[in-house]
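Below is one structure, written out as C-alpha cells, with a few remarks after it.
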Amino acid sequence: MAAISNVTLCVLAIIMVTGANAAPCDLYSVLDDPWRSLTLITNDRHCDKPGYEDSTGLTEGWYRFTGPAGTQMPTVAPGATHLCGTFAPVWMNGQHPTVADGVVTRQACAYRDSNYHCAWRWDIQVAACPDGFYVYYLIHTPTCNLGYCADVPSPPVHNSLCYKLSDVTRDYESSTQECAAMGGSLALIGDAGTQSFVAELIRTHSNASHWAGSTSPAVHCSYTGLSAGIGHELWASGQPPIFCVFMDSSADFKLNVAVCSEKHGFVCQSDIVMCQRDVCQNGGTCTSCFDDAHKTCTCQPGYTGHRCETHLDLCNPNPCPFDWNCVDTGGSLMCIPKAHVRLSEQSLHSCTVQSCPVGLACKEDGPGGYSCVP
C-alpha cells in the first residue's frame, strides 16, 4: 500500500507543478469573439472580469485566439480607448516567444490614454506551439471595463513581397491551391537572401520542412530500361513518384525534393498592392497583400496608430530653437520667435536636418521663423 500511495502522491505532484508552466498546444479554450478586434472602434464595454452586468468574464486558463478578430495579442500599445469591444484594451508588453523558448512570462497592459499605456498591469504566460500558433495563460482582468485584444499580425515583408506560413500540412497540390485561394502563390526561393529570410521565418514558426514554389514543372521519375512504346502499365499502382521542391529542415532549410504526395507545411507569397478598401485615416496610405486580408497604413507626419487614428502633438517636446513658440498646424508645425526677440537671435537660425521632426522638411520663413512641412 505504501508503494501505491507514493506513486499516487508522485502523480499528484506532477499535476500540481504543471499548471501554467505546461503549454497545452492541444488542450486550450478558444477566444474567437469578433469584438476583440484591435481595429474595431466601438462604444461597447465588454469586460473580462466575471460578475460585471451580464459578463461571464474570463476563467483562468490557457487560451488560443482564433477567428477574424485575430490570432494573437498585439505587442504594441493600441493608441486609443474604445477598441477591442471595451474601454481599456489589453495588449501584451513584450515579444512573442519561439517554440524553443518554451513558456515565458509577459506583462499584460490595459491602455487608458497616451500618458498611461499600461494603466493596469499583471503577468500572463505565453508559448509558441509547433503548429505555428500561440497559446496564452490568462487570468480575468483586475477591473472593468478591460478586455483582452486580438490582432491579425502583419505578414513579414521581403523584397516588396508579403510572406505567410501555413498552420497546417498539405500535399504539394493542395498547398498550391490554398496559397492561390488566399490571393498568393507558393513562395519562389530564387536567391540566397530570400532563402535566408524564409528559413528564419520557419525556424521561429515551427522549425519543420515547408513546400516552396517552382517555375519548373514537377519532376517525374523515369526508367530508361523500358522499351519504346511501353507506358505506365509496367509500373506498380501509384508509381512512378513525382517530386516537388521543399525547404528541408534537416539541411538548414536549403532546397530539396520530396514526393509531391507527402504532407508538409507551406510558404505563400503575395504582391503588395493598394488596398481595395481604404481603412486608413487622416491621409494615411493603405497597402495590402493576400487579397486585401492584411492591410498596412503608412501615416502622414503627425499621426500614428494602426489606422493613423491618433494625432501626435508635434510641439511636445518643443523642437524649436531658442524656446521659440511652436504651433502645431495639423501634420506640420511652425516655429515663431517670441515677441521682442533679438534680431541677432532670429538671424542665427537656418534650416538643418535637425530642425524638424522625422518626416518633415524645414522651410525658412525669412527672419521671422520657419516651418516644418511634409
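Quick note: the coordinates plus some simple rules give every number you see, no bench work behind them. The structure displayed is predicted, hence computed values, not measured ones. Cβ coordinates were reconstructed from backbone atoms using ideal geometry, including for glycine residues, and neighbour counts include every protein chain displayed.
How much net charge surrounds THR81 when only other residues with a Cβ under 10 Å from its Cβ are counted (Lys, Arg +1; Asp, Glu -1)? Its environment carries a net charge of 0. The modelled label-to-label distance between ARG277 and ALA192, using points 7 Å beyond Cα along the C-beta direction, is 4.5 nm.
Taking θ as phi - 60° and the Karplus parameters 6.51, -1.76 and 1.60, the scalar couplings of the range 275-281 work out to 4, 5, 10, 6, 10, 7, 9 Hz in sequence order, x denoting glycine and proline.
What does the charge add up to near PHE65, with Lys and Arg as +1, Asp and Glu as -1, over the other residues with Cβ less than 14 Å from its Cβ?
Values: positive: ARG36, ARG64; negative: ASP32, ASP33, ASP48, ASP151, ASP167.
Here the count lands on -3.
Counting beta carbons within 10 Å around each of LYS254, LYS295, LYS49 and listing the fewest first gives the order LYS254, LYS49, LYS295.
Rounded to the nearest whole Hz, the Karplus-based 3J(HN,Hα) values (6.51 cos²θ - 1.76 cosθ + 1.60, θ = phi - 60°) of the range 185-194 follow the sequence 8, 4, 5, 8, 9, x, 7, 5, x, 5, with x at glycine and proline.
Multiply the residue gap between SER250 and GLN354 by 0.36 nm, knock off their C-alpha separation, and tell me the result in nm, one decimal place.
Working: separation 104, 0.36 × 104 = 37.44 nm, distance 5.02 nm.
Contour length minus the Cα-Cα distance gives 32.4 nm.
Subtracting the Cα-Cα distance of ASP291 and THR215 from their residue separation scaled by 0.36 nm leaves 25.2 nm. The modelled label-to-label distance between ASP33 and GLU364, using points 7 Å beyond Cα along the C-beta direction, is 5.8 nm. Stretched out straight at 0.36 nm per residue, the stretch from TYR116 to ASP167 would grow longer than its current Cα-Cα span by 14.8 nm. Just to check I understand the Karplus step: with θ = phi - 60° and J = 6.51 cos²θ - 1.76 cosθ + 1.60, what whole-Hz values come out for the range 326-331, glycine and proline as x? Once rounded to whole Hz, the list reads 9, 10, 7, 9, x, x. Listed from fewest to most Cβ neighbours within 10 Å, the set TRP62, TRP91 follows the order TRP62, TRP91.
Less than 5 angstrom separates the built amide H of GLY61 from those of LEU138, all sequence-distant by 5 or more or on a different chain. Taking label points 7 Å from Cα along the Cα-to-Cβ direction, THR75 and GLN95 give a separation of 0.6 nm. Close amide H partners of GLY85, meaning residues 5 or more places away or on another chain with modelled amide H under 5 Å apart, are THR42.
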